[in-house]
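Participant: Structure incoming, see below.
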């Protein structure tokens, strides 16, 4: 009996030790004017990130068999290679394959949902990862900055597109402001 207990305890320790119990999650959200399909036109293409993320200078999409990859060239010259792992009507998931970021086991999802307010969309971007070569706090802060800048960039593009549809030529983004959650709100 004692041997069986020792075996079970050892097996449990091995299983727990092989699973990443310290995964970090960062989730950003913001709201923007327009319906989800209208905003998906801005963000839905896997390489559209180069048009809405302020640190991305270029994006090149490649297929290797049935697998889609994108290589992001950052404005500071760095490169990140990502693999598309899933798509839905208003969402996609991906993982980082190669990157100078202080993370490993990085998986992310970008998706849109209809807001409770009329003609508005909630934009979500969530990443799960482990720190690599940096503290958990440093890795989390780095990814938080990237996701925050990204959802703000999407919101800016959505406001511009909405204003163009509505005929607002005054240069003011009147339709995008006011009372909602901003990109800095974790939910």
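Bear in mind these aren't lab numbers, they're just calculated from the coordinates by the rules spelled out. Since the structure is predicted, the reported quantities are computational estimates derived from the model, not experimental observations. Every residue, glycine as well, gets a Cβ built from its backbone with ideal geometry; the counts of neighbours run over all protein chains shown.
Participant: Could you quote the convex hull projected area for region 27-82, Cα atoms only and averaged over all directions, in nm²?
Facilitator: 4.9 nm²
Participant: Please sort 117-127, 80-90 by packing, taking for each peptide the average over its residues of neighbouring beta carbons within 10 angstrom, highest first. If you can, show how the numbers build up before the last one.
Facilitator: Numbers: 117-127: 18.6, 80-90: 14.5.
Final packing ranking: 117-127, 80-90.
Participant: Translational diffusion coefficient of region 106-149 at 37 °C, 0.692 mPa s, Stokes-Einstein with Kirkwood Rh over Cα pairs, in µm²/s as a whole number.
Facilitator: In µm²/s, the coefficient is 272.
Participant: Hey, what's the per residue convex hull volume over the C-alpha atoms of region 22-166, in cubic angstrom?
Facilitator: Here the figure is 110 Å³ per residue.
Participant: Just to confirm my numbers, what's the Cα centroid distance between region 135-167 and region 50-67 in Å?
Facilitator: 17 Å
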